[in-house]
Amino acid sequence: MGVTLDALRRHAIARSLFTPTTLPGAIQRLGFVQADPMRAPARAQDLILRLRVKDYRAGDLERRYERLRVEEEAFVNYGFVPRDWLGLLHPRMPRRAWDAEATRRAQELLAFVRERGAVHPREVGAAFAHHGRVAAYWGGELSASTRLLEEMHRHGWLRVRRRESGTRVYEAIEHTPLDGGPATDTARAETLVDHIVNLYAPLPAASLGYLVTLLRYGAPQLMAQARAVVKAAPERYGHARVDGVDWYWPVHENPASRRHRPAPVLRFLAPFDPVVWDRRRFELLWGWPYRFEAYLPAARRTMGHYALPLLWGEQVPGWVNLRVDGGRLRHELGFVNGRPPEPAFEAALQDELARFALFLGL
């Protein structure tokens, strides 16, 4: 049986939305859970995990973080990875090296962190107020020492020990130097690209190439080797050309399998959920352009502030915006070609709203 666009759609859903398991099990199976600080009405990492972890509640990842073998880290974006990935990402060679003054400040701050054991940016800001302030990424200002903490984390000098009310608390870390050499670097790059394919497959060739360019966040020192893996993708991964587009997936999987039967339920998907993250793939599989508009001015939005795609069986007929008002969950729906007429859709919508309210603890 040949691979068709319908088969790829069913494969994309079935392989990502697996039967809910434990929190450690879900993180290990996904490999990477993208994070986002916006809560509308829950953070992206919680929205992703609620569909894959049995009885998951908003904030469970943050509450249990210190007891899990998981790290906040950069991969293709910022998020959470299994701790055993650190040897693939570090020692990280930053794309932009510090100058002498920044290095001196970082070494002073590292000594402070080691002395304290774990530090909150607030106490670092008080102790290093002389560092001044810098522009924040999304407007306003923040302490220069807070920005330096973030850079030290990215450079591999610090790790996130826990969060307090959403704020990262850091501690020092030393990554074990690896036995270098071309073969070792190639093997690390191959594993990282395998993780990309495992998370986002089936992938159009252009999307695979784009995701590998995003590895410059997590492993800039391996970019040349990662690009070589992409060139060898037809030999390394399962693949097919469908309607003029080359697609890739893990070699042991069969997108055309009859086992890929998405459940006839309705799910609210996070904007960064692996099923819908790749907007190119989304439009190929569902025939319309989904856009994340939270950072657009309100007047330019067509779907809303934080539109969550509606996955109804194997179709995505529209989106929902959610908010909590007076302790109750409110929703506004939008559709591409009209509201699904089946009575089953209305019952499924009420079921998903009830599950979501429980997830939020309402």
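The values are calculated or read from the model by the stated rules, or taken from the named source; none is laboratory data. All of these numbers come straight from a predicted model, not from anything done at the bench. For neighbour counting, all protein chains shown are included, and Cβ atoms are generated from backbone atoms with ideal geometry for every residue, glycine included. Heads up: the accessible areas ignore ligands, DNA and RNA and are worked out on the full protein's heavy atoms, side chains in. Shrake-Rupley method; radii C 1.70, N 1.55, O 1.52, S 1.80 Å.
Things worth noting here:
- Condition check for R267: touching a helix residue (DSSP H, G or I) at 6+ places or on another chain (Cβ under 9 Å) and modelled with pLDDT under 95: no
- Qualifying residue in the stretch 310-320 (condition: without any contact (Cβ under 8 Å) to a residue 24 or more places away in the chain and polar (S, T, N, Q)): no
- Boolean, R355 is assigned to a helix (DSSP H, G or I) and of a type in the set (K, R): yes
- Considering only residues in the stretch 182-218 that are part of a helix (DSSP H, G or I) and small (G, A, S), the one that is farthest from the chain's Cα centre (by Cα) turns out to be A183.
- Matching option when the condition is within 24 Å of the chain's Cα centre (by Cα) and open to solvent by less than 30 Å² (accessible area, probe 1.4 Å), among F345, F268: F268
- Just so you know, in the stretch 139-181 the residues that are assigned to a helix (DSSP H, G or I) and of a type in the set (A, V, I, L, M) include one that is farthest from the chain's Cα centre (by Cα), and it is A144.
- Looking only at the stretch 224-257, residues that are touching a residue at least 24 places away in the same chain (Cβ under 8 Å), over 18 Å from Y210 (Cα atoms) and open to solvent by less than 60 Å² (accessible area, probe 1.4 Å) come to 6 in all.
- The stretch 49-90 - residue that is among the aliphatic types (A, V, I, L, M), part of a helix (DSSP H, G or I) and within 13 Å of L23 (Cβ to Cβ) and, of those, farthest from the chain's Cα centre (by Cα): L61
- As a summary of the residue check, S145 satisfies the conditions (1) modelled with pLDDT under 90; (2) open to solvent by 10 Å² or more (accessible area, probe 1.4 Å) except for the one numbered (2).
- Flag: R96 does not match the condition of being at pLDDT 95 or above, surrounded by fewer than 16 Cβ atoms within 10 Å (Cβ to Cβ) and either among the charged types (D, E, K, R) or out of contact with any helix residue (DSSP H, G or I) (no Cβ under 9 Å at 6 or more places or on another chain) (or both).
- Whichever residue in the stretch 280-299 is touching a Pro at 6+ places or on another chain (Cβ under 7 Å) and in a helix (DSSP H, G or I) and, among such residues, is most open to solvent (accessible area, probe 1.4 Å): R280
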